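The values are calculated or read from the model by the stated rules, or taken from the named source; none is laboratory data. Being a predicted model, the structure only gives us computed values, none of them experimental. Neighbour counts run over all protein chains shown; Cβ positions are idealised from the backbone, glycine included. The area values use the complete protein model at the heavy-atom level, side chains included, leaving out ligands, DNA and RNA. Shrake-Rupley method; radii C 1.70, N 1.55, O 1.52, S 1.80 Å.
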Amino acid sequence: MAEPFFPSKESTLPFWRTEPHELDTHRSTPELPKTCDILIIGAGYAGITSAYHILKSLEGKGSSPNIVLVEARQACSGATGRNGGHLRPAVYSLLPEYIRNYGISAAAEVAAFEDTHVRTIADLVAEEKIDCDFTLTKSFDVHSNVEKAKAAKQAYDELKANGVAKSTIDGLIWTDADRAEECGEQGAEPANQHAGYLTVSQFRSVDRHNGKRGKIHPARGICSRIVVPPGSKHPPLTSSYGLRPEGVGLDYLIPRNDGSIIVGGARSRFRTHREQWHSVTDDSTLITPAENYFDGYMQRNFLGWEDSGATVDRVWTGIMGYNSDSLPSVGEVPGREGCFVIAGFEGHGMPVVYLTAKGVAQMVGDGVAYEDAGIPLVYKTTKERLESDRDDYA
Ligand SMILES: Cc1cc2nc3c(=O)[nH]c(=O)nc-3n(C[C@H](O)[C@H](O)[C@H](O)COP(=O)(O)OP(=O)(O)OC[C@H]3O[C@@H](n4cnc5c(N)ncnc54)[C@H](O)[C@@H]3O)c2cc1C
């Protein structure tokens, strides 16, 4: 069945959109302009940061191209306004796969690129005085499956030994099961502790979707907000977490300054129910097998939270772009001069999109070649990638 061109009209209400910004439904002209110099489709993280970088690069140059940004619903009403708000470079978990598929230097390039996002976004929030929740913190990755923990430890040791992404890997500390309780997580096998990471929430941003229909498929994800009653006694959460349960997937968790917790993931519950997530563009309903997944989540997973009274405040869904080769697609679309794509960030856009958009802005605005735009080479959209039969989600 053909996937619809537009997002669903109705949608579940994510916590991030309970108090919409004044620009939420902003429309600068009653009618769409008939012409423009630059058209950006989609007001999510990718589209809005692309517009931002284009405008930034023009400062002081006396040039003012006519830029039109179109959005099917409201600003950041797509994945960007529905995510877990976790800006965390994935290093030891993704790098071994990248090394296997693309070689050591390509993998190191991606690692450094993701790592740079942490400091860059911290600086951006300060420079632009962006009104958002923003906490720079440590992050723990906790494994519940012994075999997967062993594989992760091996990957970590190998990366450390062969010096790939040294500055990033050196910032990670492995903690064995007997000390896992220090992370506050119950029943954990070896845990992996990351240092110096960051969570960012309610980040306003844009995107060019649909540039590669047939390669990038919609994929539905689910997320929640958990609240605790006033006076609740439980150990404080000062870090963000990735919890890797038995089975597939990664649950991600960020504590907020208001005491609530954002938890997303739940793939272990719905991965095999393909019709619930793959090629689904409807974020107006929940993923049925996972709709109760977050009930009792803190009590089940965190020591000292058993009597916390933590309850689910709301659950929502959002649509990501899954690329058939699991990499973002970026750059001028082969055979379509002047048409650029920046999409396919899957569930991992936060540490990737901003600097990718900066590179795309240089390509669009200044004609810079992809190879000089500071974006990992493996993200480049190519004829080979477009024509490849590979489908990681088949
Ligand atoms: C539940 C969930 C949890 C997530 N958690 C995290 C996380 O914790 N950390 C992380 O790094 N990433 C996370 N992600 C992924 C992250 O949110 C995305 O990678 C990122 O937001 C992608 O940004 P985007 O601009 O490409 O897409 P979007 O934010 O989806 O923006 C695309 C925009 O285009 C609009 N649009 C679509 N079609 C059209 C059309 N035809 N015409 C006009 N407009 C159109 C849409 O309405 C939308 O606003 C999560 C995603 C989801 C869904």
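Between ASN101 and ASP258, what is the FRET efficiency for a Förster distance of 30 Å, r being their Cβ-Cβ separation, to the nearest 0.05?
Working: r = 41 Å, r/R0 = 1.37.
Once the sixth-power term is evaluated, E becomes 0.15.
Using alpha carbons only, what's the Rg to Rh ratio of the stretch 302-392 with Rh from Kirkwood?
Working: Rg = 18.5 Å, Rh = 15.4 Å.
That ratio equals 1.20.
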Open item on the list: Once you place label points 7 Å from the Cα toward the Cβ at LEU23 and CYS339, how far apart are they in nm?
Closed with: 2.7 nm
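Using a 1.4 Å probe on the protein chains only, how many percent of the accessible area of the chain belongs to carbon and sulfur? Before the final figure, lay out the partial values.
Numbers: 9450 of 18410 Å².
Summing carbon and sulfur atoms, their accessible area is 51 percent of the total for the chain.
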Open item on the list: Run the simple label-point estimate for GLU127 and ALA161 please: 7 Å along Cα→C-beta, distance reported in nm.
Closed with: 4.1 nm
Open item on the list: Below 8 Å between Cα atoms, with a sequence gap of 6+, how large is the relative contact order for the chain in percent?
Closed with: 22 percent
- [ ] Would you mind listing how long the stretch 238-313 runs along its three principal axes, going by Cα atoms, in whole Å with the largest first?
- [x] 38, 27, 20
TODO: Determine the dipole magnitude for the stretch 229-325: charges of +1 sit on the beta-carbon of Lys and Arg, -1 on that of Asp and Glu, nothing else is charged, the reference point is the Cα centre, and the result goes in debye to the nearest 20.
DONE: 200 debye
- [ ] Once you have the Cα-Cα distance between THR281 and LEU13, take 0.36 nm times their residue separation minus that, and quote the gain in nm to one decimal.
- [x] 95.0 nm
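How big is D, in µm² s⁻¹, for the stretch 105-178 by Stokes-Einstein at 20 °C and 1.002 mPa s if Rh is the Kirkwood radius over C-alpha pairs?
On the way: Rh = 14.6 Å.
Here the translational diffusion coefficient equals 147 µm²/s.
Can you pull the Kirkwood radius for the stretch 20-103, inverse mean 1/r over Cα pairs, to one decimal in Å?
Details: mean 1/r = 0.0636 Å⁻¹.
Result for the stretch 20-103 stands at 15.7 Å.
Given a 1.4 Å probe and heavy atoms of the protein chains only, how would you sort VAL228, VAL248, largest accessible area at the top?
On the way: VAL228 40, VAL248 60 Å².
Descending accessible area places them as VAL248, VAL228.
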TODO: Go through the stretch 319-326 residue by residue and turn each phi into a ³J(HN,Hα) via Karplus (6.51, -1.76, 1.60, θ = phi - 60°); whole Hz please, and just put x for glycine and proline.
DONE: 10, 9, x, 9, 8, 5, 10, 6
TODO: At 1.4 Å probe size, with every protein chain present, just tell me what the per residue accessible area of the stretch 48-109 comes to in Å².
DONE: 43 Å²
Task: Principal-axis tilt of helix 353-366 within the chain, Cα atoms, nearest 10 degrees - done: 10 degrees
Open item on the list: Taking the solvent-accessible surface of protein heavy atoms with a 1.4 Å probe, what is the per residue accessible area of the stretch 230-324 in Å²?
Closed with: 43 Å²
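How big is the dipole moment of the stretch 1-144 about its Cα centre under a simple scheme where the beta carbon of each Lys and Arg is +1, that of each Asp and Glu is -1, and everything else is neutral? Debye, nearest 20, please. If you can, show how the numbers build up before the last one.
Values: 13 positive and 19 negative charges, 34 e Å.
The dipole magnitude comes to about 160 debye.
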- [ ] For the stretch 233-274, calculate the relative contact order in percent as a whole number, restricting contacts to Cα pairs under 8 Å that are 6 or more residues apart.
- [x] 31 percent
- [ ] Would you be so kind as to identify which of ILE48, VAL68, PRO96 lies farthest towards the positive end of the dipole of the stretch 29-108, taking Lys and Arg as +1 and Asp and Glu as -1 on Cβ and the Cα centre as origin?
- [x] PRO96
Task: Inter-label distance, nm, simple model (7 Å from Cα along the C-beta direction), ASN292/LEU58 - done: 5.4 nm
- [ ] At 20 °C and 1.002 mPa s, grab the translational diffusion coefficient of the chain from Stokes-Einstein with a Kirkwood Rh over Cα pairs, rounded to a whole number in µm² per second.
- [x] 99 µm²/s
- [ ] Calculate the length of the line joining the C-alpha centroid of the stretch 1-46 to that of the stretch 214-266, in whole Å.
- [x] 26 Å
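Taking the Cα centre of the stretch 234-281 as origin and charging only Cβ (+1 Lys, Arg; -1 Asp, Glu), how large is the dipole, in debye to the nearest 20? Write out the running numbers ahead of the final one.
Values: 6 positive and 4 negative charges, 29 e Å.
Using Cβ point charges on Lys, Arg, Asp and Glu, the stretch 234-281 gives about 140 debye.
On alpha-carbon atoms, Rg over Rh for the stretch 7-156 using Kirkwood Rh?
Working: Rg = 19.7 Å, Rh = 19.0 Å.
That ratio is 1.04, to two decimals.
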Task: Cα centroid separation, the stretch 57-78 to the stretch 288-356 (Å) - done: 24 Å
Task: Selected from VAL227, VAL364, THR80, residue furthest toward positive end of dipole (the chain; charges at beta carbon) - done: VAL364
Open item on the list: Just want the answer: with Cβ charges of +1 for Lys and Arg and -1 for Asp and Glu, which residue in ALA107, TRP277, GLY264 is farthest toward the dipole's positive end in the chain?
Closed with: TRP277
